[in-house]
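The values are calculated or read from the model by the stated rules, or taken from the named source; none is laboratory data. These numbers were taken from a predicted model, which means no experiment stands behind them. For neighbour counting, all protein chains shown are included, and Cβ atoms are generated from backbone atoms with ideal geometry for every residue, glycine included. Keep in mind that these areas ignore ligands, DNA and RNA; they rest on the heavy atoms of the full protein, side chains included. Shrake-Rupley method; radii C 1.70, N 1.55, O 1.52, S 1.80 Å.
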Amino acid sequence: MKSQITNALSDFFFEYETPRQVLVRNRRVGVVCRIIQLGVLAYIIGWVFIYEKGYQSTDTAVSSVYTKMKGVGYTSMNGTERVWDVADYVFPSQGSSSFVVMTNYIITEGQAMGKCPELPGKHNCSSDADCEGGRYRREMTGACVNSTKTCEVLAWCPVENDHNIPDPPLLISAENYTLFIKNSVTFPLFGVTRSNLVEGVDTSYIRTCLYHPKDAPLCPIFRLGDIVQQSGFSIENIAKEGGAIGIVVDWTCNFDVDVKHCKPKYNFHGLYGHPDEKDKVKASVGYNFRYAKHYIENGIQKRTLLKVFGIRFDIIVQSLARKFDIIPTLTAIGSGVGIFGVATVVCDLVLLYLLPKREFYKNMKFKHTDSHTQEPDSEACSTETGESKK
Amino acid sequence: MKSQITNALSDFFFEYETPRQVLVRNRRVGVVCRIIQLGVLAYIIGWVFIYEKGYQSTDTAVSSVYTKMKGVGYTSMNGTERVWDVADYVFPSQGSSSFVVMTNYIITEGQAMGKCPELPGKHNCSSDADCEGGRYRREMTGACVNSTKTCEVLAWCPVENDHNIPDPPLLISAENYTLFIKNSVTFPLFGVTRSNLVEGVDTSYIRTCLYHPKDAPLCPIFRLGDIVQQSGFSIENIAKEGGAIGIVVDWTCNFDVDVKHCKPKYNFHGLYGHPDEKDKVKASVGYNFRYAKHYIENGIQKRTLLKVFGIRFDIIVQSLARKFDIIPTLTAIGSGVGIFGVATVVCDLVLLYLLPKREFYKNMKFKHTDSHTQEPDSEACSTETGESKK
Amino acid sequence: MKSQITNALSDFFFEYETPRQVLVRNRRVGVVCRIIQLGVLAYIIGWVFIYEKGYQSTDTAVSSVYTKMKGVGYTSMNGTERVWDVADYVFPSQGSSSFVVMTNYIITEGQAMGKCPELPGKHNCSSDADCEGGRYRREMTGACVNSTKTCEVLAWCPVENDHNIPDPPLLISAENYTLFIKNSVTFPLFGVTRSNLVEGVDTSYIRTCLYHPKDAPLCPIFRLGDIVQQSGFSIENIAKEGGAIGIVVDWTCNFDVDVKHCKPKYNFHGLYGHPDEKDKVKASVGYNFRYAKHYIENGIQKRTLLKVFGIRFDIIVQSLARKFDIIPTLTAIGSGVGIFGVATVVCDLVLLYLLPKREFYKNMKFKHTDSHTQEPDSEACSTETGESKK
């Protein structure tokens, strides 16, 4: 019993099977097949390995973004000068990755809860009967105000009049603001953490630099006007009615080379409010929201309502890191060998079904286990073998 | 030397090797193996290619979301009527992808920094000794107030009393608000950008439409009550203590067909505050936060504290685009060929180890390089060859 | 015609081809090849299947996070005591996944729009000529103020003086605040939804528990001081100038076992403001933003400006679920078979080009279709076959 196992083991280890093959000496088939095989090889090496880097595994990053605006705006309305600093024009204030910079506004000061007529053009009426409560979305009192010929509503009064958007935009000076972006990315699979303050971007550089696609592609400080322009907007248009711009921080890294070559690229593209879009879907043009500052005056709750038009910036971190990994390498090789097999099958089909001497090749390639074969005489070996068995 | 290389090259190009094979004429093995092979083929073509679309590469999108609420709420407390507009009930105001709509609140007006007794039931005391500073989280003054039998604290006074949540919810009219969602997605790999305002969703349509799962599945305007209902909540429950609802915008696109077929689907599902959850983990039911409006009255800093109960909406963009790509196609084919090889191995095992005529088939399949074989007589060819060598 | 098809079909189904192979009895080749083959097998089974779980498909989750801070801070400046509650120190207030906890601040009270001199050290001047409007970013009036020897600006006056950051930080008591995290994840591919309030984390547990990496790794309530410490900061440093901390909720789940084993892990790592970073890029140290509270006093708009230094927390949900899937399983097997093929090719190269008896093995393996072969005598079978054809 033990010797049997030993025998089987020695048989297993000292024997090696390799397929028997026919060497077909035929120019046409040979050239065609070699070209197919070389093509497959070129595809595997050239495309899968070199171009698509199939020997690497990929990972995307988790990231954290911190933004900080700088700059002061200035408006002069009805003889009243005022300046707008960061605490006034950035929403929200805490430096998140998505924020709005106010570029235009409609201000309605001193609103208090009360009853007042609607704006002309909205809820017109000639008598109280036209103003039944609940007919419209606003809370109606049911009265028709004679002087304006509009219904009376329960609302923050006076009602906001947003028919005319200031043009030119009140805070067009926003184009001179600067934006500082701090972004840190971590690739959990590869255990690498990078900041957009890469090697060479130090304190003294940051103090003076300004992003430029060619001259200063790594400077994390951006002029708003430049961002707007590079995303395909004109500052006049976007500042008036607002819009949204995506700032893509692109981390495409190859960790097979030194990690210091992993640097961010900044791209800017318009998301909403694009002039092209204007013609298509007018309802959705622009970017605005309403914002209220509350206060008490003489014991009465009041608010200042701002309809804010602004540019919304979305910092979008896009990341793809690659590093050599044995699994995708072997998977690529393995499936490449499979494709090789397909090439062989194609060549065999040519050999066995298309060539004039196909019957000859068939006999060379195949051995039959029975004697009912079509050309028994050409099956020297197999017939012999079959007979010796009998 | 040169002719040698030429010879080798011509040998390489004009010769072609193809494996020699045994054609086993055996019904049982044949049928079994053909069925296995057809099964593998059906799997590769049917499952990998047609069902799982293994010939396509996939990409997920980077996206940007902008939301806008519309509608007015109305409350009447202690004879004081007031309305709540967007600037009052949406937090934060700037239209981000995650926001809260207030549906209920506990208001504490006129809080100022000072010393006042705690609420009954909290930090009860009978003498000053029970109120040592630092024993509790709140800043204690160390005094026990006789009238309430609770400790005195340094806090915004009067202290908020949130024992009773208003029921029915004060702003249950929130169900009539509408939500407009604007979403733009970019698939960087395929270079395609889409907006949820797809073909056919234009200005005039948006002005009148309201989302309905069947009748208007592409309308980007949603009634809050509908969202709540479709996410499995009842408006009464969620409005009272708050909750969270995820609005999934699902972009599952196939870019092998025209890009205009790439349309969003909207799904709604409850995240927190679900009635089922209520039984399990009561501590975490509901959604609320505190929000303060500051003002100065007679030179004293005061604030109005709102404990806001509301529905938090998270717009979650889920995207998966597919497009034909040569790499996954060939990988699928290649690994399919490999599976074919496994099928062949299985058939061979049946042939060589399970069939009664297995020794015969073994001899047909294998040629030995030495004469120490067990059945030399049946090894006609190989023996011959071996002998001719000697 | 019909019988022909029937014949072809019966041929196809009752016949089965299997490659003919040479069994090479050679110790060296045998051992080498078997070891290579066993190595490949071990790689496929051990590495791809068991270690990398290549039989599973993967999915990442869409998630929703809700946070809630608790705790009260206390400051005493110039004899004025005040407390800071959640509505005062968390930005934004509505419990989003990214928020800032104020730990230090510079307050500038009673700012009104007006004209005032700049801070000493900034925009110094000796005469009005040094203060031409537009020379600097701030809005200059063009006057040089004698008393301070600085230019006069149009701004919120008095101008904020942020030269000295309070040290020790005013709200260092922030380390005793607690943070409650509620996180729900959905794996769309597998249709599984999980909450971080897993089995066993119920109301009574939440009421008393506090997260500890070893003793209470599932408690969703965290002490701020613990988070800061585990992320590698000291509370003194980070509280003074601010910083950012990432709280990673890691959902690495295997859905081949019971879903209740799918539990979150919490990790903490510093993002900005790290002491190491301080030396490298000083410009970007710390985390601060400006925040204004507006009010009206005697009919004049005023504001209280807060320069907030704080710890920004980013809750980052990282998820990777795995489940058995037939596609990756068969792809792994298929490409494994391909690698096996490569092993065979390597062995064949050894056999046919390196061994002393290589010509003998070549003849065993290959059959030539013509008689121009180098060793016709050893090609018994093929010659025979070739002749019998002629």
Item to check | Under 18 Å from A:K149, Cα to Cα: lysines that are on another chain or at least 8 residues apart | outcome: A:K115, A:K122
Checklist entry - Going 7 Å from the Cα of C:K357 in the Cα-to-Cβ direction, what parts of segment A:1-27 have a backbone nitrogen less than 19 Å from that spot? => result A:10-21
Next on the checklist: Taking a virtual spin label 7 Å from the Cα of A:N124 along the C-beta vector, which residues in segment A:144-162 bring their backbone nitrogen under 13 Å of it?
Outcome noted: A:148-151
Checklist outcome for this item: Inverse of <1/r> over all distinct C-alpha pairs of segment B:119-158, i.e. the Kirkwood Rh in Å, gives 9.8 Å
Item to check | Cross-link pairs beyond the 22 Å C-alpha cut-off, checked among B:K265/B:K323; A:K293/B:K307; C:K68/C:K323; A:K367/C:K365 | outcome: C:K68/C:K323
Checklist entry - Any idea what the C:N254 label distances to the other copies are, label 7 Å down the Cα→Cβ vector, nm, shortest first? => result 3.6, 3.6
Checklist entry - For chain A, modelled as a Gaussian network with Cα springs under 10 Å, which listed residue fluctuates most, A:D128, A:D314, A:D88? => result A:D128
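Of the accessible area of segment B:119-158, with the probe set at 1.4 angstrom, what percent is carbon plus sulfur?
On the way: 1010 of 2170 Å².
Carbon and sulfur: 46 percent of the exposed surface of segment B:119-158.
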Checklist entry - Given the pairs A:K240/A:K260; A:K70/A:K214; A:K362/B:K357, which are separated by over 32 angstrom at their Cα positions? => result A:K240/A:K260
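Going by a ≥ b ≥ c, the root eigenvalues of the Cα gyration tensor, does segment A:36-130 fall in the rounded group (a/c under 1.5), the prolate group (a/b larger than b/c) or the oblate group? Show your work: numbers first, answer last.
Working: a/c = 4.44, a/b = 2.37, b/c = 1.87.
In terms of gyration-tensor shape, prolate.
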Checklist outcome for this item: So the FRET efficiency between C:D162 and A:D256, C-beta based with R0 = 35 Å and rounded to 0.05, is 0.15
Item to check | Heavy atoms of A:V100 accessible to a 1.4 Å probe, total area in Å² rounded to 10 | outcome: 0 Å²
Checklist outcome for this item: Sorting from shortest, the nanometre distances separating the label point of A:Q229 (7 Å past Cα along the line to Cβ) from those of the same residue in the other copies are 5.3, 5.4
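What 222 nm value per residue comes from the helices of chain B, counting each DSSP H run with n ≥ 4 as -39,500 (n - 2.57) and dividing by all residues, nearest 500 deg cm²/dmol?
Working: 10 runs with 101 residues, N = 390.
Calculated mean residue ellipticity at 222 nm is -7500 deg cm²/dmol.
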Item to check | Folded to 0 to 90 degrees: helix B:326-349 orientation relative to chain B principal axis, Cα | outcome: 50 degrees
Item to check | Residue among B:F99, B:F360, B:F12 with the largest mean-square fluctuation in a Gaussian network model of chain B, springs linking Cα atoms under 10 Å | outcome: B:F12
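Taking 8 Å as the Cα distance limit and 6 or more residues as the minimum spacing, I'd like the relative contact order of chain B as a percentage.
Details: 681 pairs, mean separation 78.5, N = 390.
Computed over chain B, the figure is 20 percent.
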Checklist entry - Which of C:Y16, C:Y177, C:Y74 moves most in a GNM of chain C, Cα contacts under 10 Å? => result C:Y16
Checklist entry - Expressed in nm to one decimal, what extension gain is obtained for the pair C:Y74 and C:E199 from 0.36 nm per residue of sequence separation less their Cα-Cα distance? => result 41.3 nm
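Interface B/C, total buried accessible area with a 1.4 Å probe, nearest 100 Å²?
Working: alone 24310 and 24340 Å², together 41580 Å².
Separately minus together, B and C give about 7100 Å² buried.
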Checklist entry - With the contact rule set at Cα under 8 Å and sequence spacing of 6 or more, what percent relative contact order holds for segment B:119-158? => result 39 percent
Item to check | Percent carbon-and-sulfur accessible area, segment A:171-244, ignoring ligands, DNA and RNA, probe 1.4 Å | outcome: 50 percent
Checklist entry - What accessible area per residue comes out for the protein assembly as shown, rounded to a whole number of Å², with a 1.4 Å probe? => result 45 Å²
Next on the checklist: Let me see the P(r) profile for chain C: every Cα-Cα distance counted, bins of 20 Å, each bin given as a percent of all pairs.
Outcome noted: 18, 30, 21, 17, 11, 3, 0
Item to check | Cα-Cα P(r), the protein assembly as shown, percent of pairs per 10 Å interval | outcome: 2, 8, 15, 18, 15, 11, 9, 8, 6, 5, 3, 1, 0
Next on the checklist: Take A:E52 and A:E81, extend 7 Å from each Cα along the Cα→Cβ direction, and tell me the distance between the two endpoints in nm.
Outcome noted: 6.5 nm
